[in-house]
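Here's the structure we're looking at; comments come further down.
The values are calculated or read from the model by the stated rules, or taken from the named source; none is laboratory data. Every value quoted in this text rests on a predicted model; they were computed, and no experiment measured them. Cβ coordinates were reconstructed from backbone atoms using ideal geometry, including for glycine residues, and neighbour counts include every protein chain displayed.
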Amino acid sequence: MNITEKLIKSHLVSGEMVPGKEIAIKIDQTLTQDSTGTMAYLQFEAMGIPRVKTEKSVAYIDHNTLQTGFENADDHKYIQTVTKKHGIYFSKPGNGICHQVHLERFGKPGKTLLGSDSHTPTGGGIGMLAIGAGGLDVAVAMGGGAYYLAMPQVCRVVLTGKLSPWVTAKDVILEVLRRLTVKGGVGKVMEYAGEGVKTLSVPQRATITNMGAELGATTSVFPSDEVTKAFLRAQGREEDWVELKADDDAVYDEEITIALDEIEPLVACPHSPDNIKKVSELKDLAVDQVAIGSCTNSSYVDMMTVAALLKGKTVDPNVSLVIAPGSKQVMNMLAANGALADIISAGARILECGCGPCIGMGQAPATNAVSLRTVNRNFEGRSGTKSAQVYIVSPETAVASALSGKLTDPHTLGEAPVIEMPEHFLVNDNLVIPPAPEGECVKVVRGPNIQPFPKNTKVPKEIKGEALIKVEDNITTDHIMPSNAKLLPFRSNVPYLADYCLTPCDPDFPARAKKAGGGFIIAGQNYGQGSSREHAALAPLQLGVKGVIAKSFARIHMANLINNGILPLVFVNEWDYDNIKLGDEFVIKYAADQIAGAAQGQSVQVTNLRTGDEIPTRLNISERQRDILLAGGLLNYTKESAK
Ligand code: MIC
Ligand code: SF4
């Protein structure tokens, strides 16, 4: 078996391990962050289970830490009290980005991790089967329920040789994205192998698995080997190590080879992580802002490298350099060894340990500005400025550019510094609050920002509605439910957020949907790529959206639509997309029967009342998902099944 199969087999609850078929796996650990967490805990509470049933569940506060009003602070109080009551560890704001901290302090090779954030696969860097999902799926897992997914195909990524100086793990994953694109990983696990693996540290591996999310992959995973063991030892938890490797005769569905020594510093250009060029091709592009941090590139070695490169230098006068170390551990170590002073004296602006600019929480660039970031996503508008041009680079390229004021290949800086992994990390978990031993008497505090979330109803006899919007390929969840410093505080208030749904594509969409009393979204390929935010399904539900008809869907978003009872219909004939006009009236007759038939592979006929066309579509659903859709979503289904 390969590693993926071993991890799945040891957690398999039901289903056959045949690619594409639905399987269910036991979840050992969960993580949530604050912007998806409030919803996940409200849903967990609605399930009425007193105590989590996982081995470890951790709630992080890392996204909404700007606290421009009472909303964030209210949500944090809610999460702190609800977790205390139900047996979940609480990582306070300031402790760092969920994925970075989880890797350092809680992740264990051989275990499964389900997180309400699409970059949960960061844990694959330490040999976990770590998957991103919607909040409701995470709530179910906390309650001891299995996680359902389509058995993935496994793509072996063979790494040969070793990275040359100035070339980084970030450049490796950008190279994978260049070859496979943002939909190249859909339905797959990217499993790393080959002699190059042992040359990469755990944080480097985690940078690569983190950005597997940008490929649309179910997850990515590295073996657990001596390097993993050394990392865990340095974190004071060697006892958490187990070895994990593929059998010699393991079989894979696909294979690609990446020669590490042939990679050059790369850059993802606006507005997609797969729009890759060589840094040297774009040299001299003037840069206005450089932001270093995010769950992709904020580890100790990343930050020490940044400090070494900045030491004794000054940031270009036209560049604003902002740096957010990934965790309190990293920040603390930089402070203790003096590297923080080097960063500060070079003129960098230090942000707290959190997501910050990555999700548009502050540091929005100026109009038309060029911003270089070490983040994983550069979707249009995500930085908080629609006209900004965001380029994704490694920390090394980021610093070289911050110093010169132009996009600069770090090779120009001379000899690359060699930063070793520490033998001992500074371990101090005093910002992690354990749950109350007995949660019964804990009072859960709810602020006025927490509003009831929309609930769907059973499928009616006929589903009717108009084409409310028609969008192109690769629409991201940042288009569907934008996040920025103004909107992120409202993640517990879906009625408020709904008024911004899909507005980057069409500002009139929410008003039109409300006026029409709901209807359908028409979309191209890979609809819903990006984040795990359930809000990208909840906001359309609030507006009465009944179905999305698309050429194809991204994995997590499709699961979120089903969990909320919205039909993810796939065009059988792509030309039907071309014939649809805004305002066309659709009807799905005998809806329940057609949905039932879809689980058996039959098509669902959507009638266009304007043209009289019958549009054949597919619902790629299991029998369980059929029942969820018929019930009007996972919550209704769970309640019905409990009767
Ligand atoms: C992101 O990077 O887009 C986020 C913000 O971390 C999201 C979660 C969210 O929308 O709250 C993700 O990746 O799932
Ligand atoms: Fe936070 Fe950015 Fe990572 Fe999302 S991608 S978890 S916003 S740092």
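For the stretch 1-58, the set of residues classified as surrounded by 17 or more Cβ atoms within 10 Å (Cβ to Cβ), of a type outside the set (S, T, N, Q), under 14 Å from Ile88 (Cα atoms) and in contact with a strand residue (DSSP E or B) (Cβ under 8 Å, 6 or more places away or on another chain) consists of Asp28, Leu31, Asp34, Gly37, Ala40, Tyr41, Val52, Lys56, Val58, listed by residue number.
Candidates are the residues of the stretch 331-357 that are touching a strand residue (DSSP E or B) at 6+ places or on another chain (Cβ under 7 Å) and not in a loop (DSSP other than H, G, I, E, B); the one that is farthest from ligand 2 (Cβ to nearest atom) is Ile344.
Matching residues to (1) over 29 Å from Glu440 (Cβ atoms); (2) more than 16 Å from ligand 1 (Cβ to nearest atom):
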| position | (1), (2) |
| --- | --- |
| Val58 | no, no |
| Asn72 | no, no |
| Lys77 | no, yes |
| Lys85 | no, yes |
| Gln100 | yes, no |
| His119 | yes, no |
| Gly124 | yes, no |
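Taken as a whole, the structure leaves Ser91 outside the set of residues that are among the polar types (S, T, N, Q), within 16 Å of ligand 2 (Cβ to nearest atom) and over 30 Å from Glu226 (Cβ atoms). Of all residues in the stretch 276-299, which are under 25 Å from Gln33 (Cβ atoms) and either assigned to a loop (DSSP other than H, G, I, E, B) or away from ligand 1 (no atom under 16 Å from the Cβ) (or both)? Within the stretch 276-299, Gln289, Val290, Ile292, Gly293, Ser294, Cys295, Thr296, Asn297, Ser298, Ser299 meet the criteria.
Could you say whether any residue in the stretch 304-321 is within 16 Å of ligand 2 (Cβ to nearest atom) and either surrounded by 19 or more Cβ atoms within 10 Å (Cβ to Cβ) or under 24 Å from Lys486 (Cβ atoms) (or both)? The answer is no; no qualifying residue exists. Beta carbons closer than 9 Å, at least 6 apart along the sequence or on distinct chains, pair a first residue in the stretch 617-638 that is touching a residue at least 60 places away in the same chain (Cβ under 8 Å) and at positive phi with a second that is of a type in the set (A, V, I, L, M, F, W, C) and in a helix (DSSP H, G or I) for Gly633/Leu136; Gly633/Leu541; Gly633/Ile562.
For the stretch 598-606, the condition holds for no residue, the condition being that it is among the polar types (S, T, N, Q) and surrounded by 19 or more Cβ atoms within 10 Å (Cβ to Cβ). Taking first residues from the stretch 347-361 that are farther than 19 Å from Val390 by Cβ and of a type in the set (Gly, Ala, Ser) and partners that are more than 9 Å from ligand 2 (Cβ to nearest atom) and in a loop (DSSP other than H, G, I, E, B), the Cβ contacts under 8 Å between residues at least 6 apart in sequence or on separate chains come to Gly347/Thr314; Gly347/Val315.
Yes/no per residue for (1) in contact with a strand residue (DSSP E or B) (Cβ under 7 Å, 6 or more places away or on another chain); (2) hydrophobic (A, V, I, L, M, F, W, C):
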site	(1), (2)
Glu195	yes, no
Thr209	yes, no
Ala213	yes, yes
Pro223	yes, no
Thr228	no, no
Phe231	no, yes
Asp248	no, no
Val251	no, yes
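Restricting to the stretch 544-554, count the residues that are of a type outside the set (A, V, I, L, M) and either in a strand (DSSP E or B) or buried (at least 24 other Cβ atoms within 10 Å of the Cβ) (or both). Final tally of qualifying residues: 3. Taking every residue in the stretch 115-134 that is without any contact (Cβ under 8 Å) to a residue 40 or more places away in the chain and pairing it with any residue that is among the polar types (S, T, N, Q) and surrounded by fewer than 24 Cβ atoms within 10 Å (Cβ to Cβ), at least 6 positions away or on another chain, yields no pair with a Cβ-Cβ distance below 9 Å. Screening the candidates Leu497, Leu541 for the property of being within 16 Å of ligand 1 (Cβ to nearest atom), at pLDDT 95 or above, in a helix (DSSP H, G or I) and under 23 Å from the mean Cα position of the chain (by Cα) yields one hit, Leu497. Ala536 meets each of the listed conditions (1) surrounded by fewer than 24 Cβ atoms within 10 Å (Cβ to Cβ); (2) within 16 Å of ligand 2 (Cβ to nearest atom) apart from (1). Look at (1) under 26 Å from Val18 (Cβ atoms); (2) hydrophobic (A, V, I, L, M, F, W, C); (3) crowded, with 24+ Cβ neighbours inside 10 Å and you find that Val158 fails only one, number (3).
Is there a residue in the stretch 422-436 that is more than 22 Å from Ser483 (Cα to Cα) and either within 16 Å of ligand 2 (Cβ to nearest atom) or touching a Pro at 6+ places or on another chain (Cβ under 6 Å) (or both)? No, every residue in the stretch 422-436 fails to be more than 22 Å from Ser483 (Cα to Cα) and either within 16 Å of ligand 2 (Cβ to nearest atom) or touching a Pro at 6+ places or on another chain (Cβ under 6 Å) (or both).
Within the stretch 382-411, residues that are among the hydrophobic types (A, V, I, L, M, F, W, C) reach partners that are modelled with pLDDT under 95 with beta carbons closer than 8 Å, at six or more positions or on different chains, in the pairs Leu407/Lys283; Leu407/Asp284. Considering only residues that are under 17 Å from Leu567 (Cα atoms) and not in a loop (DSSP other than H, G, I, E, B), which ones fall in the stretch 461-476? Within the stretch 461-476, Ile463, Lys464, Gly465, Glu466, Ala467, Leu468, Ile469, Lys470 meet the criteria. Within the stretch 354-372, restricting attention to residues that are in contact with a helix residue (DSSP H, G or I) (Cβ under 7 Å, 6 or more places away or on another chain) and under 26 Å from Leu215 (Cα atoms), the residue that is nearest to ligand 1 (Cβ to nearest atom) is Ile359. Wholly within the stretch 1-58, which strands (runs of 3 or more DSSP E) include no fewer than the required count, namely at least 3 residues that are touching a helix residue (DSSP H, G or I) at 6+ places or on another chain (Cβ under 6 Å) and within 16 Å of ligand 2 (Cβ to nearest atom)? In the stretch 1-58, the matching strands (runs of 3 or more DSSP E) lie at 29-33. Scanning for something surrounded by fewer than 24 Cβ atoms within 10 Å (Cβ to Cβ), closer than 25 Å to Gly347 by Cα and either within 16 Å of ligand 2 (Cβ to nearest atom) or modelled with pLDDT under 95 (or both), does the stretch 274-288 turn up at least one residue? Within the stretch 274-288, one or more residues are surrounded by fewer than 24 Cβ atoms within 10 Å (Cβ to Cβ), closer than 25 Å to Gly347 by Cα and either within 16 Å of ligand 2 (Cβ to nearest atom) or modelled with pLDDT under 95 (or both).
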